[in-house]
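Have a look at the structure below before the remarks.
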Amino acid sequence: MTAVRDGVLRCVRPDVTTRLRILDDGAWLSVDDTRRVSVSELWRLESADFCECDLADLVVENLLETGVEGRTVQVRAYGQCIACGAKSTTGWVPVGRVVDGEFVDIDREGVLTSTSDR
Amino acid sequence: MPTDVEKWKSEVYGNEIREHLFRFAEEGYETIPDDERDAWFERFKWWGLYHQRNGQEGYFMMRIGTPNGRLEPGQLRVVGEIADEYARGPGTNPIFGDAYADYTTRQAIQLHWIELSDVPAIFEKLESNGLSTQQACGDSWRNIVGNPVAGKDGQEVIDAWPVIRELNETFKGDDDHSNLPRKWKVSVTGSADGSGQGDINDLAFEPAYKEVEGEDVVGFNVRVGGGLARNEPRFARDIDVWVAPERVPDVAGGISALFRDNGDREDRYNARVKFLVDEWGPEKFRETLQEEYVDFELHTAGRDVREEYTYNTGEGERNDLVGVHEQKDGTNFVGLNVLTGRMGVDDVLELADLAEEYGSGEVRLSQRQNVIVTDVPDADLEDFLAEDLLEHYSPDPSPFMRGSIACTGTEFCSLSIVETKNRQVRFARWLKENVDLPEDVEEFHIHLSGCTASCAQPQIADVSLRGMKTRKDGEAVEALDVGLGGGLGAEPQFARWVTQRVPVDEVPGAIANLIERFAAEREDGESFRAFVDRHDDEELDAFVEPEETDYEDPMMHNTKMTWYPYAEDDSMDAAPPTPADD
C-alpha cells in the first residue's frame, strides 16, 4: 500500500502512471486531473471497527488520503454513520480500479468493505 | 513533504500566472495539458478564477475583489455589463434567469459561466474601470472587508477607508506577500457597530483608543486567527497590540510575513493562521512579531468599543445595514435587501442607474450579501424609496428575507454537498407566508452553507444550516444539520449544532416549530440568542422538531451529481461540451 494526502501517486503499475490526489480541502479524489469521487456520498460500509452497526450507513464528510493496492484505488475517509451517529475515520475503502490506464468506478451504491487498518 | 499545491506554487505563482492565463485564453482551453489541469486551475484562483464543478467543464466562476465592498460611481454598471455579455452559460436558473451577479459574504462579486477565451477582454474592461480580480482567491491577501459605509457612517469612530485603500494598494501584487501558506483574510473596521466582523478573519483591526504621549488617539486593536472553516471555527485572538492608523501597513505586513514564514506548508488542513495561533498562543505570536517583523516598539492594546457592537449580534439595534441611515454629511445611505446576495443582470443595471439618479452613483456591498446606495439627499429619499426596484430589493423586508444568507452551493461549487441559493429563497418565501415571529423581533438570521467551508458563515446566525445527506424512506436525500444561537458582538459565540441530518423538505417545518416554542416560552423581550443560551442541547433538539409541511422541495435528489440541477435533463451524460474557443 502506498498512501498520499494532497500529493500524487505515480505508479499504479510500473508501466502506467496514474495521478491520484485529494483536492479541494478533502472534497474530491482527483484521478488523472479529473475529479472522480466526492464527499457526501453515502456508503454502506462493512467495517469491524468504524461503529457498532453490522453495516455502517456512512456519510462521507472528508477524504483524508488515497492509496493503491494492486490496481485498486482506495481512500481513507472521515464521516458519520447516519444509523447510529458515530463519527470516525475509515480504514482503506476501495473506490475504483485502474484498467488499461483508465479509472473505473467500483459500484459504491453496493456494500463496500474497508480494511481494519487505520 | 511539501504538498502538490505548494509544489505548483513554487513553480509558477502570483502575478506571473496572468501571462499563462492569457496564453491559454488565446490558444484555447483545450491546450491546457490534461496532466496539468489540477495545477493550472489551482493557480488561476490567484487571478480570481475558479473552475466550476464536474459537468461544467471549461466554465469558470470569476470573483471581482471590491475592497470594503466599495464600488465607485459607474463600477456597478461595468459589472452589470460584463455579467450581461459574458456570464451566460448553458444552464438557466429558474429563479434568477440566465445572467446575474452574486454579492458575497466578503463584500466581493462573483460571476458564473465565464469562458477562458473571454478573460482578457473582461480583465481589460474591469481594469480600465478601476476593478480587478487579482488575489480574489488563492493563497494570498484576499478582498479586505470592513464597514462598507466607512467615511460616511454617522456611527464611526474613525474612517477606515484610507487604511483599507493603502493596504489594498500595498499588498495586491506585492511579490513578498503573494504566496502565503493559505488564504489571508483581513478586516479593518472603523465603526463602533462591529460591521467589519473582524472576529472571523485571519487578521482584524478594530477601532480602539490609546493614550499616546498624554493624548487619547484613535487607532486599532489587533486580533489574529479567526475563521469558520472545516469544523474548526475560531474567533480571532487578542494579541495585545494597538496600532496608529499610519502604522497599520507595517503591522499588517509584519503579521502577513510572520504567517508566510511560519504557517504550515506541509498540511493544508493545518495551514490557516488560526492553527499557528493555537500552537503558539497570543503571547508568543506577539513576541515573534515584535522581535522579528516590526522595527518599532508595539503599543499594548487600547480601549476598544466592542461593548457597542450590534452587527449580527442577534439583539439590539443595527444587526445589519438594511434600511435608511443618516450619513455624517446629512444625506442618507439606504441598505437594500438582496435575498441570498444574487441579483439578475437587468436589476444590476437598473440599480446602477438609480444610484446615479438619486445618489452619487456609488454602491457598496455588505457582508450580509446586501447592497447599499449612498449619498441620497433627504429631498430625494421619498422618490427613491418609491422606485419599483425597491419592492423586490426592499429597505424594509420581512425578517426571513432580511436574515437569509446562502453560499453558492452545488449549482456551481465543487465543495458543496447540497443546493443552497434557490433553496434558501424557497425557505424564506415559505417562512414569510407561514410563520410569525413575536412582534418585537424584527430580525432573524438564517444562514445556509453547503459544506463545512462555511462560506455563508453559518456558525454566527440565529439558525445555522449546513449541507449534509441522509436517507428518507430508504432513499438518499439532501439534508441539513441545524445549529442555533450563534452571533457576534462583545461576547461572540458559535452556534451549537443541536439537530443533525434533517431532510431538506422538513427544515421549514422544523424552523416553524422552533419559532413557535420560542414565542411561547421566551421571557419578556428575550432575544432568540438569549433564549438558546439558557437551554441545553437536548432541550433545543426537542424544540427543532422536523416536520413535513406544504413546503415542497424539488431538489431532494443528489444535486451534486447532476451537471446542472435545474436542467430538464440534469444527468452528467447530458453535460454540455466544453465551450468552443471563439
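What follows is calculated from the coordinates using simple rules that are stated; it is not laboratory data. Small disclaimer: the values here were computed from a predicted structure and weren't measured. Note that each Cβ is placed from the backbone with ideal geometry, even for glycine, and that neighbours are counted across all protein chains shown.
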Subject >> Placed amide H near A:GLU61: partners under 5 Å, 5+ positions off or other chain >> reply: A:SER40, A:TYR78, A:GLY79, A:GLN80
Original post:
Using θ = phi - 60° and the Karplus curve 6.51 cos²θ - 1.76 cosθ + 1.60, what whole-Hz ³J(HN,Hα) does each residue of segment B:556-565 get, with Gly and Pro shown as x?
Top reply: 6, 6, 7, 5, 5, 9, 9, 7, 7, x
Subject >> Scattering curve values for segment B:81-167, log₁₀ I(q)/I(0), Debye with Cα scatterers, q = 0.22 Å⁻¹ >> reply: -1.17
**OP:** Quick one: Debye curve from the alpha-carbon atoms of segment B:197-289 only, equal weights, vacuum; give me log10 I(q)/I(0) at q = 0.15, 0.20, 0.23 Å⁻¹ to two decimals.
**Re:** -0.57, -0.94, -1.18
Subject >> Residues whose placed amide H lies under 5 Å from that of B:THR66, excluding near-sequence neighbours >> reply: B:ILE109
Original post:
Check B:TYR59: other-chain or 5+ apart residues with amide H under 5 Å from its amide H, H built from backbone geometry?
Top reply: B:GLN52
**OP:** Find the all-direction average of the projected area of the Cα convex hull for segment B:240-332, expressing the result in square nanometres with one decimal place.
**Re:** 9.3 nm²
Original post:
Looking at B:THR189, B:GLY225, B:GLY254, which one has the Cα that reaches farthest to the positive end of the dipole of segment B:161-308 (charges on Cβ: Lys, Arg +1; Asp, Glu -1)?
Top reply: B:GLY225
Original post:
Which log10 I(q)/I(0) values, to two decimals, does segment A:24-100 give at q = 0.12, 0.16, 0.22 Å⁻¹ under the Debye formula with one point per Cα?
Top reply: -0.32, -0.55, -0.97
**OP:** Take the Cα atoms of chain B, find their three principal axes, and give me the spread along each one in whole Å, biggest first.
**Re:** 67, 66, 55
**OP:** Alpha carbons only, please: Rg and Dmax for segment B:339-403, in angstrom.
**Re:** 11.5, 31
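Report the convex hull volume per residue for segment B:20-93, counting only C-alpha atoms, in Å³. Mind dumping the intermediate values first?
Details: hull volume 9.8 nm³, N = 74.
Taking only Cα atoms, segment B:20-93 has a hull volume of 132 Å³ per residue.
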**OP:** Would you mind giving the average projected area, over all directions, of the Cα convex hull of segment B:4-127 in nm² with one decimal?
**Re:** 8.5 nm²
Original post:
Among B:TYR311, B:TYR29, B:VAL338, which residue has its Cα positioned farthest towards the positive end of the charge dipole of the protein assembly as shown, with +1 placed on the Cβ of Lys and Arg, -1 on the Cβ of Asp and Glu, and the dipole taken about the Cα centre?
Top reply: B:TYR29
Original post:
Rounded to the nearest 5, what is the percent of antiparallel bridges among the DSSP beta bridges in the protein assembly as shown?
Top reply: 85 percent
**OP:** Starting from the alpha-carbon convex hull of segment A:31-76, give the projected area averaged over all orientations, in nm².
**Re:** 3.9 nm²
Original post:
222 nm [θ] for chain B, helices only, -39500 (n - 2.57) per DSSP H run of 4+, per residue, to 500?
Top reply: -8500 deg cm²/dmol
Original post:
From Cα coordinates alone, what are the radius of gyration and Dmax values for segment B:280-405 in angstrom?
Top reply: 19.9, 59
Subject >> segment B:364-522: radius of gyration over Cα atoms, expressed as a fraction of 2.2 N^0.38 Å >> reply: 1.13
Subject >> Rg over Rh, two decimals, segment B:494-582 (C-alpha only, Kirkwood Rh) >> reply: 1.22
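From largest to smallest, what semi-axes in whole angstrom does segment B:94-232 give when each is the square root of 5 times an eigenvalue of its alpha carbon gyration tensor?
Details: eigenvalues 189, 60, 55 Å².
Output for segment B:94-232: semi-axes of 31, 17, 17 Å.
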Subject >> Per-selection Rg to Rh, segment B:162-229 - Cα, Kirkwood hydrodynamic radius >> reply: 1.03
Original post:
Which value, to two decimals, describes the C-alpha radius of gyration of the protein assembly as shown once divided by 2.2 N^0.38 Å?
Top reply: 0.93
**OP:** Counting only C-alpha contacts under 8 Å and six or more residues apart, can you give the relative contact order of chain B as a whole percent?
**Re:** 13 percent
